[in-house]
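Novice: Starting off with a structure, shown below.
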Amino acid sequence: MSFRVVLADTISRPAASRTPPTPRPQRRRPSSSLPLPSSTRRKRELGVLRSCCHSYRSIPPIGKSPGRVAPLFVSKGDGSVSDSSSFPSSDDGDAVEFITSERVKIVAMLASALALCNADRVVMSVAVLPMSSAYGWSRSFSGIVQSSFLWGYMVTPIVGGALVDQYGSKIVLGCGVALWSVSTFLTPWAAESSLLALLAMRVLLGMAEGVALPSMNKMILRWFPKTERSRAVALAMGGFHLGSAIGLIISPIIMSQTGVFGPFVMFGLFGFLWVLVWLSASSDSPDQHPQISKYELEHIKDRTPPLPVKDTSPMRRRGIPPFRLLLSKLPTWAIIISNAMHNWGYFVILSWMPIYFNTIYQVDLRRAAWFSALPWAMMATLGYVAGAISDMLIRCGTSVTVTRKIMQSIGFIGPGLCLLGLNATRSPFLASAWLTAAVGLNSFSHAGFLVNLQEIAPQYAGVLHGMSNTAGTLAAIIGTIGAGYFVELMGSFRGFLSFTAVLYFVSALFWNIFSTGEQVIFNESDQ
């Protein structure tokens, strides 16, 4: 119809008034081809584009493991071009990438190392009773044997942290695991030789294990973006707590089959195997790892701010940390006090609660395997929950400072309230529930001060962890010994638990006033 109207109008108009047609450039086509309709031509072009994209995505990067490749540039439909990496990817793809990534393998190895660390530590708690009967040790000397671990553990956290900052976590942690595995493996020989040799092995165990937590913190700092660090720390510390449960549950089973020295030999051999795998499959930073994919490396680098430039003063070149500068900042003291309070409550609860239940409720919970294992398992579970919530808050736009204050407040105020509830109850079942809740909520500190170490001073994260860990160990010794003197003086466990709850609340207040999630400047101009 439109063609007839146009033709009639053209014939009816005078020739002079007609507009000459604009010449159109002629495209040369093969004589054998006919013009294709626009819809058919568009379908064919899209088919070629899909084929090219499929072929490109099926080729992994040269020298890298198969995975997500470099981003493609695709058209938006309005003539502009966009990077395809900005398009939202499927949740399933992200989950699979995270689970199979090299950084998750690194944190799994860190968790297994910390599990060995605690398992080697608690074996003596199980073996001390049969060893005391076999060698005629008094209760006081049995206490000396168990506490000798802490003598060495107080020495190396600061030195180990400085070594980690200077030489990296791979070598320092590898040497630490090798030394504490040697100590564990040789404990049976030392016990048969002399008391001095046995104490020396226990001190060596503590010295070697002092480098474990600073190494873990520094490794996670380099391998994980800020939005994933809370979960990474929670996974690593979950291994730490499960190691205690594993040691307490498995050691009696092994002893019943192999004798009292069986767990020492077995855990020592596991440590040697771990060192071989660690040295061959890990690296201090992602860009040094031979098997990491290009996508994962870019994912970590794009979301991780560069570390501050290292101080080049003569003292720093010799590896001497700036202790005075670190201690001159209130955020540093917030971390130190939080670590001390965390260890105070942690060791007081786990050291004295069996005696508390025996005295108050006439229940000997030392014979119940579930009591030994349940608090550690609860810490591991709630620690990961706290890490996941912390990372989610940061991804949703909550500031790092507010997030750390929320997590640490739960980690201190929660256990304080639980201890008050423990004092008020009259049922042993409810009391055990309050106790488990107190230990579990204490793990929220892992997403508080323990991650905050990496944020205020990333260049000195190792030595700062060592300083706070030494304060925590000292607080654990004072709290454990002080509980006994307090009970003897006051004649009541409930008074000491109320005192510990007050310390929790005061520490939470100090943390919320002086902590920060921002990087604190430590340089020579501050001196």
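Novice: Report yes if G143 is out of contact with any Cys (no Cβ under 9 Å at 6 or more places or on another chain), open to solvent by 50 Å² or more (accessible area, probe 1.4 Å) and small (G, A, S), otherwise no.
Specialist: no
Novice: Could we say that L198 is open to solvent by 50 Å² or more (accessible area, probe 1.4 Å) and assigned to a helix (DSSP H, G or I) here?
Specialist: Judged against the criteria, L198 is not a match.
Novice: Let me ask you something else. So L464 fits all but one of (1) under 22 Å from T227 (Cα atoms); (2) out of contact with any helix residue (DSSP H, G or I) (no Cβ under 7 Å at 6 or more places or on another chain); what number is the exception?
Specialist: Going through (1) under 22 Å from T227 (Cα atoms); (2) out of contact with any helix residue (DSSP H, G or I) (no Cβ under 7 Å at 6 or more places or on another chain) one by one, L464 breaks only (2).
Novice: Give the residues of region 397-419 that are of a type in the set (A, V, I, L, M, F, W, C) and either within 13 Å of G517 (Cβ to Cβ) or more than 19 Å from the chain's Cα centre (by Cα) (or both), sorted by residue number.
Specialist: V400, V402, I406, M407, F412, I413, L417, C418, L419
Novice: Which one is surrounded by the fewest Cβ atoms within 10 Å (Cβ to Cβ) among residues in region 386-400 that are without any contact (Cβ under 8 Å) to a residue 40 or more places away in the chain and assigned to a helix (DSSP H, G or I)? It would help to see each step written out before you state the result.
Specialist: Of the residues in region 386-400, the ones without any contact (Cβ under 8 Å) to a residue 40 or more places away in the chain are 392-393, 396-398.
Next, only the ones that are assigned to a helix (DSSP H, G or I) stay: 392-393.
Numbers: M392: 14, L393: 20.
It comes out as M392.
Novice: Still on this structure, I have one more. Take the conditions at pLDDT 90 or above and surrounded by 24 or more Cβ atoms within 10 Å (Cβ to Cβ) and apply them to Y504. Does it pass?
Specialist: Judged against the criteria, Y504 is a match.
Novice: Could you count how many residues in region 485-523 are touching a residue at least 60 places away in the same chain (Cβ under 8 Å), more than 19 Å from L435 (Cα to Cα) and small (G, A, S)?
Specialist: Counting residues in region 485-523 that are touching a residue at least 60 places away in the same chain (Cβ under 8 Å), more than 19 Å from L435 (Cα to Cα) and small (G, A, S) gives 4.
Novice: Let me ask something else about it. Is there a residue in region 165-188 that is more than 30 Å from T398 (Cα to Cα), basic (K, R), assigned to a helix (DSSP H, G or I) and open to solvent by 10 Å² or more (accessible area, probe 1.4 Å)?
Specialist: Looking through region 165-188, at least one residue is more than 30 Å from T398 (Cα to Cα), basic (K, R), assigned to a helix (DSSP H, G or I) and open to solvent by 10 Å² or more (accessible area, probe 1.4 Å).
Novice: For region 208-231, give me each residue that is of a type in the set (S, T, N, Q) and farther than 17 Å from K105 by Cα.
Specialist: T227
Novice: Select from region 481-506 the residues that are in a helix (DSSP H, G or I) and small (G, A, S) and write down the one among them that is nearest to the chain's Cα centre (by Cα).
Specialist: The residue in question is A501.
Novice: Next question, about the same structure. Out of A424, A433, A437, which single residue is surrounded by fewer than 21 Cβ atoms within 10 Å (Cβ to Cβ), aliphatic (A, V, I, L, M) and touching a Cys at 6+ places or on another chain (Cβ under 6 Å)?
Specialist: Exactly one of A424, A433, A437 is surrounded by fewer than 21 Cβ atoms within 10 Å (Cβ to Cβ), aliphatic (A, V, I, L, M) and touching a Cys at 6+ places or on another chain (Cβ under 6 Å), namely A437.
Novice: Here's a follow-up. Kindly provide the set of residues from region 359-375 that are at pLDDT 75 or above and either crowded, with 21+ Cβ neighbours inside 10 Å or of a type in the set (D, E) (or both), ordered by number.
Specialist: P375
The values are calculated or read from the model by the stated rules, or taken from the named source; none is laboratory data. Only a predicted model underlies this, so the values are computations on that prediction, with no experimental measurement involved. Reconstructed Cβ throughout: ideal geometry from the backbone, glycine too, with neighbour counts over all protein chains shown. Ligands, DNA and RNA are stripped out before the accessible areas are found, and what is left, the full protein with its side chains, is counted by its heavy atoms. Shrake-Rupley method; radii C 1.70, N 1.55, O 1.52, S 1.80 Å.
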